[in-house]
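Participant: One structure, pasted below without further comment.
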Amino acid sequence: MRYVDSPAVECDLHLAADPARVWELVTDIELPPRFSPELRRVRWLDDHRRAALGARFEGHNHHPALGEWRTISHIVRFDEPRAFGWVVLDPDDRFGGGPPDLDNPGATWQFRLVPEQDGCRLFLSARIGPGRTGLSLVIDRAPENEEQIIERRLAALRDGMTATLQGIRDLAEQRQ
């Protein structure tokens, strides 16, 4: 797999919880930093206080190989109570992709909820690119290892996504 292919990963988990409670949790942008190894903090922009189509939020990230950086995310999918998605942009051009462009995000993330017999199945997916990211910088340094670099990144994303899903499950099932 190559970066130009926009590699993606998706994880899912059954939650024995009311889908309305799960929706409340997944649309709380301040929740993921509690479980993510990379996302440290977020804040709403433009006076938004909750998730809505077109709302924006700022994220602050840290990775041992890349240091710290800031992102701006735009909510591009808000289909209550089924899907919540956003694109991630590099507002400071830290990764050399030029001005932020909604059609050329560094990543696209999405939660999907599917009702099941005693709760719901929660999916979390991420697609890398097509815009430049920190992964682009790593590939630039060793283009001959691009496939292995992407495999490692997808595995790391999968681990973080699984931890996020488990954290949401634990919170959602507490109130049952």
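Participant: Once you list every other residue whose beta carbon is under 10 Å from the beta carbon of residue 58, what net charge do they have if Lys and Arg are +1 and Asp and Glu are -1?
Facilitator: Details: positive: 41, 43, 56, 70; negative: none.
Net of charged neighbours comes to +4.
Participant: Sticking with this one: Does anyone have the angle between helix 146-174 and the longest principal axis of the chain? Alpha-carbon axes, 0 to 90°, nearest 10?
Facilitator: 20 degrees
Participant: Here is a follow-up. How would you order 126-139, 104-117 from highest to lowest mean count of nearby Cβ atoms within 10 Å?
Facilitator: On the way: 126-139: 20.1, 104-117: 18.3.
The most tightly packed comes first, giving 126-139, 104-117.
Participant: If neighbour count is taken as other Cβ atoms inside 10 Å, put 118, 18 in order from fewest to most.
Facilitator: Least to most surrounded, the residues fall as 118, 18.
Participant: For region 98-176 and region 1-32, what is the separation of their C-alpha centers, rounded to whole Å?
Facilitator: About 8 Å separates the Cα centre of region 98-176 from the one of region 1-32.
Readers should treat all values here as calculations from the given coordinates under stated rules, not as data from a laboratory. Everything numeric in this text was worked out from a predicted model, so none of it was measured. Using ideal geometry, Cβ is built from the backbone for each residue, glycine included, and neighbour counts are taken over all protein chains shown.
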